[in-house]
Amino acid sequence: MMQVARRFGGVAGMLAVIAFFAINLPETFLTPRNLLNISQQISMLTVVAATMTVVMVMGDFDLSVGSMASLSGVVAAILFTQDWSVPAAVGVALAVGLAGGLFNGIVVSVVGILPFVATLATLTVFSGLAFVVSDGRTIFGRDIPPGFGDFARGGPVIGMADERALVLPNLTLVAIAVVLVIWIVLEQTSYGRRLYAIGGNRDAARLAGIPVVPLRLSAFAFTGVGAALAGLMYASRVASANPTQGDGLMLTAIAAVFLGMTLTRDGQPKVLATLAGVAVLGVLDNGLTQMRVDSYVREVLVGAIILFAVGLSALGRRGAARRR
Amino acid sequence: MPQLDLETISRRFGAVTALDGVSLSLRPGEVHALMGENGAGKSTLIRVLAGLDRPDEGRIMLGGEEIPPGQPAAMREAGLRFIHQELHAVKGLSVAENMHLDHPYPRRAGLVNWGALNAAASEALARLGLETIDPRAPMTDLGPGDQMLVRIASTLIADGDRPAWLYVMDEPTAALTSGESERLFTVIGQLIGQGGGVLYVSHRMPEVLRLADRVTVLRDGRHVSTRPLSETGEARIIEEMTGRDLSALFPPRRSDATPGEVVLRVEQLSAGPLEEATFELRAGEVLGVAGIAGSGRGALLRALVGEQSRSDGTVTLDGRTLNGGPKQAWRGGMAYVPRERRSEGLMLRRAIFENVALPHLSGLARLRYFLDHRRQRRVARDLGGQVQLKAASITQACEELSGGNQQKVLFARALAGAPKVLLLDEPTRGVDIGARSELYRLIRELSDAGLAVVMASSDLPELLGLSDRIAIMRDGRLSEFVEAEGLTEAELLSRFYHLSKEEQAA
Ligand SMILES: Nc1ncnc2c1ncn2[C@@H]1O[C@H](COP(=O)(O)OP(=O)(O)OP(=O)(O)O)[C@@H](O)[C@H]1O
Ligand SMILES: [Mg+2]
């Protein structure tokens, strides 16, 4: 009963947020164009939060995703200045993400350092590397090949509105593809269920024959690659790269996963719930910006809403626990 | 001391009625045994009594006055002390601090008085004859038996003007060896002698017959009877608990026991405390592993499953050498039911079927990697039926199950992969007598069908009733193998100790 209230409470809250903006911004908010716009704005966060979900189901964290996103952006941009082709530079940047993720995995699962400490350290390392690689500069303008910047601006046309084409942004498509892959991995494969088992009880999982160390290691590869991909998406969207541009992603991504957890029946991280969390944060940001709320006030509001939602769900859980 | 009355207590969890109008009177000066199958509602009643859970209906009266429900402090104030069923030790805190978790720490000038804290702990430990345990040692250094004894000791800590008089013990001996249990019984005798009362829950019938003055039986959350021990007995209690006559707890051995092929060959296996174990196990054989606490029973099983990394020796299962961890052991056809079901066995907050499927995910998947949800559930449901699991549905979270039913989930998990060798560590700890007879029947059926079983246990009747051979362990070594047929408990027990005496003489 309480659980039902808790879950639908979360959904109702989200609908209330949307209704609030729809009423206050009748002209611009619930238009297809704005919704497509929001989908593009949140695409990077979606990718990072979805891959963050993979490690959070094991009860782990990856704090280094933001600086990894910055690093991969500047790596690609620097390679562009050396006249590398777009696919080659993108490939190298993703490989850097994979390597960084595996490194996190080794430190956390083979060496056995707490993920909080380990990824806090690699956060600093990646961030420093981003400055070293880029020399602290922003790389933009003619250094960025047109093909790279155009990717974010393009996308298939899906209709017309106000005599202008409605474009489904390529970045949105990328985000959808990532969510789909993560959903299949977590919900439809035995690999994913084993990660959940590790989160459920690590010792029991090991004694039941689950190879905990390699699985934990491998899961961090997802966050590494996801962060690198998000960094590239960001660089493509702004057609430039600087060594701090991805930094804001980490906290928001973790917040999105937590928001999502308030929606699931058993309070577990689930990728579709994470997507809902991302959407709420995106809608809030877009709506508040349109209402010209000052950006600092916006931060206060968003933080308060996260606290409220997660707090409510914790109270509900305590109610459920009391009945035991 | 006045008496404590529970009046028509009811407690429902969703569709499950855990307690249905149960009334009970607890008096000083006697041991009151509370009996019932797994899930009968014993622990729920105790949690209500402890104020950890609020009843839907009913009152708790002390000498005619109501104690407010759902308030642990009020129950403490009324002089009640509890030992709950599941072990909870706070890591990082010392033994003495763990013993003071629900007592105020002794203080001096507002600061913790460590000397007094440790002294109070030592004193309580000494009453259980536990002088060897250092109150300053970290709790997690102790084995599970010692941890339980420490918890029992912590109820004996005197604190000031609120004397304790009623001690409630939920399966206190489940984790204890017979020697440790004896010490507990001595203390229970002392407590009664000093005018205290005890509410005692156990699935071990001999203890109850020996300790109890009165016996209350619960069944499916309802009160069946409360009688003085003199007016009831083993057969009657079991009948009232289960509605069945269980005079033959152990199913008969097969008469035409032709020994099967050798499935497990262990040579010179050393791992952790285990030293140079060598033996063979045949298909259809049940090997009991016996010995006093700390003799290495559990270590042997952990070494076999590969959890304890080995320093020497080989394990060959069905012709293939095992040298990896638990993963390879499960793959190769070994299944393991660990001793600590909550910390080592279950994902408590996850569904029954997920717990059952855990080691077999690849086998139950389509194309090896893609989950087949329906098949997982079907397997869990079939096996749940086979082990007579009592649960609302297989999607229920394991933490909602009673202790015995949690154990059955682990049995279902072990059997789901059709193993060749089954490793059981204390398989019926906390399992009620009805379910136990089912598990015994199951083990016998499986072994008749060719499954080889290694069963470490501290329960002597179980070792004797179920094993074909018994391996006796001492100081990490397999010291002797004996045929179980015809052996008595006394003979078996004497072999545990005889060897030590001989050795001392030498
Ligand atoms: N938090 C809970 N949510 C749902 N059902 C519960 C919960 N706690 C207990 N139950 C149910 O209440 C019933 C009684 O459980 P209880 O733990 O009291 O049994 P028990 O007699 O102590 O059994 P055991 O001998 O196995 O320890 C069981 O059916 C159990 O599944
Ligand atoms: Mg119980």
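The values are calculated or read from the model by the stated rules, or taken from the named source; none is laboratory data. Since the structure is predicted, the reported quantities are computational estimates derived from the model, not experimental observations. Ideal geometry is used to build each Cβ from the backbone, glycine not excepted, and the neighbour counts take in all protein chains shown. The protein model used for the area step is the full one, side chains on, heavy atoms only, and it has no ligands, DNA or RNA in it. Shrake-Rupley method; radii C 1.70, N 1.55, O 1.52, S 1.80 Å.
List of remarks:
- Proximal charge balance of B:Leu361 [Cβ under 9 Å; K/R count +1, D/E count -1]: +2
- In a DSSP loop and with at most 14 other Cβ atoms within 10 Å, the trypsin sites (Lys or Arg not before Pro) in the range B:360-398 are B:Arg368.
- If you take all other residues with their beta carbon under 12 Å from the beta carbon of B:Arg27, and give Lys and Arg +1 and Asp and Glu -1, the sum is -2.
- For A:Ala314 and A:Ala177, a Förster radius of 22 Å and the Cβ-Cβ distance give a FRET efficiency of 0.10, rounded to the nearest 0.05.
- Modelled label positions at A:Leu307 and B:Glu65, each set 7 Å beyond Cα in the direction of Cβ, lie 4.3 nm from each other.
- Value in Å of the Kirkwood radius, where chain B supplies the Cα pairs that are averaged: 24.2
- Largest first and in whole Å, the equivalent-ellipsoid semi-axes of the range B:4-245 read 31, 21, 16, each the square root of five times a Cα gyration tensor eigenvalue.
- Chain B, helix-only ellipticity at 222 nm - DSSP H runs n ≥ 4, -39,500 (n - 2.57), divided by all residues, nearest 500: -9500 deg cm²/dmol
- Across B:Lys91/B:Lys420; B:Lys327/B:Lys408; A:Lys270/B:Lys42; B:Lys42/B:Lys327; B:Lys390/B:Lys420, pairs whose alpha-carbon gap is larger than 31 Å: B:Lys91/B:Lys420; A:Lys270/B:Lys42; B:Lys42/B:Lys327
- Counted residue by residue at 0.36 nm each, then reduced by the alpha carbon distance between them, the extension gain from B:Gln388 to B:Val112 reaches 94.3 nm.
- Interface size, chains A and B: roughly 2500 Å² of accessible area buried, both sides included, 1.4 Å probe, rounded to the nearest 100.
- Rg to Rh quotient for the range A:2-323, alpha carbon positions, Kirkwood Rh: 0.98
- Measuring heavy-atom accessible area with a 1.4 angstrom probe and counting protein chains only, the residues of the range B:351-376 that give up at least 10 Å² relative to the chain alone are B:Glu354, B:Leu358, B:Pro359, B:Leu361, B:Ser362, B:Tyr369, B:Phe370, B:Leu371, B:His373.
- Built amide H within the under 5 Å cut-off of B:Val168, gap 5+: B:Arg81, B:Phe82, B:Ile83, B:Leu199
- Pairs of alpha carbons in the range B:1-95 separated by more than 17 Å make up 53% of all such pairs.
- Sequence-ordered 3J(HN,Hα) estimates for the range B:278-291 from the Karplus curve with 6.51, -1.76 and 1.60 and θ = phi - 60° stand at 9, 6, 10, 10, 9, 4, x, 9, 10, 9, x, 10, 10, x Hz, glycine and proline given as x.
- The radius of gyration of the Cα set in the range B:379-488, together with its Dmax, comes out at 15.0, 46 angstrom.
- Within chain B, antiparallel bridges make up roughly 55 percent of the DSSP beta bridges whose residues both belong there.
- What separates the Cα centres of the range A:189-210 and the range B:124-166 is a distance of 35 Å.
- Estimated distance in nm for a label pair at A:Phe20 and B:Val90, the labels positioned 7 Å out from Cα along Cα-to-Cβ: 4.0
- 3J(HN,Hα) along the range B:202-208: 7, 9, 9, 4, x, 4, 5 Hz, from the Karplus curve 6.51 cos²θ - 1.76 cosθ + 1.60 with θ = phi - 60°, whole Hz, x for Gly and Pro.
- Spin-label proximity, A:Glu163 to the range A:31-60 - amide N less than 20 Å from point 7 Å beyond Cα toward beta carbon: A:32-34
- Note on chain A: helix-only mean residue ellipticity at 222 nm, from DSSP H runs of 4+ residues weighted -39500 (n - 2.57) and normalised by residue number, equals -24500 deg cm²/dmol.
- With θ taken as phi - 60° and the Karplus curve 6.51 cos²θ - 1.76 cosθ + 1.60 applied, the whole-hertz 3J(HN,Hα) list for the range B:424-429 is 10, 10, 6, x, 10, 4 Hz, x standing for glycine and proline.
- Counting only Cβ charges, +1 for Lys and Arg and -1 for Asp and Glu, the dipole size of the range B:1-139 around its Cα centre is about 400 debye.
- Span-like helix ranges in chain A, DSSP H, alpha carbon extent 27 angstrom or more, Kyte mean at least 0.0: A:2-24, A:86-105, A:115-134, A:212-238, A:271-290, A:295-322
- Of the solvent-accessible surface of chain B, computed with a 1.4 Å probe over protein heavy atoms with every protein chain present, carbon and sulfur atoms account for 49 percent.
- DSSP beta bridges in the protein assembly as shown [antiparallel fraction, %, rounded to 5]: 60
- The ellipsoid equivalent to the alpha-carbon distribution of the protein assembly as shown has semi-axes of 55, 33, 25 angstrom, derived from the gyration tensor eigenvalues as √(5λ) and listed largest first.
- Helix axis angle, B:403-416 relative to chain B longest principal axis, alpha carbon, degrees: 10
- Here the range B:62-205 is treated with +1 on each Lys and Arg Cβ and -1 on each Asp and Glu Cβ, and its dipole about the Cα centre works out to around 220 debye.
- Built amide H within the under 5 Å cut-off of B:Ala50, gap 5+: none
- GNM flexibility winner over chain A from A:Asn201, A:Asn242, A:Asn170 (Cα, springs under 10 Å): A:Asn201
- Given +1 at the Cβ of Lys and Arg, -1 at the Cβ of Asp and Glu and no other charges, the dipole of the range A:194-322 around its Cα centre is 500 debye to the nearest 20.
- Ranking B:Pro55, B:Ala15, B:Leu424 by Cα position along the charge dipole of the protein assembly as shown, where only Lys, Arg, Asp and Glu carry charges on their C-beta atoms, puts B:Ala15 farthest toward the positive end.
- Based on the Kirkwood approach, the hydrodynamic radius assigned to the range A:142-236 is 16.3 Å, with every pair of different Cα atoms included.
- Candidates A:Ile305, B:Ala174, B:Gln194 compared by Cα position along the dipole of the protein assembly as shown: farthest toward the positive end lies A:Ile305, with charges placed on Cβ.
- Residues whose placed amide H lies under 5 Å from that of B:Gln3, excluding near-sequence neighbours: B:Gly63
- Look at the dipole of the range A:159-232 built from charges on Cβ: of A:Ala230, A:Val178, A:Ala197, the Cα furthest out on the positive end belongs to A:Ala197.
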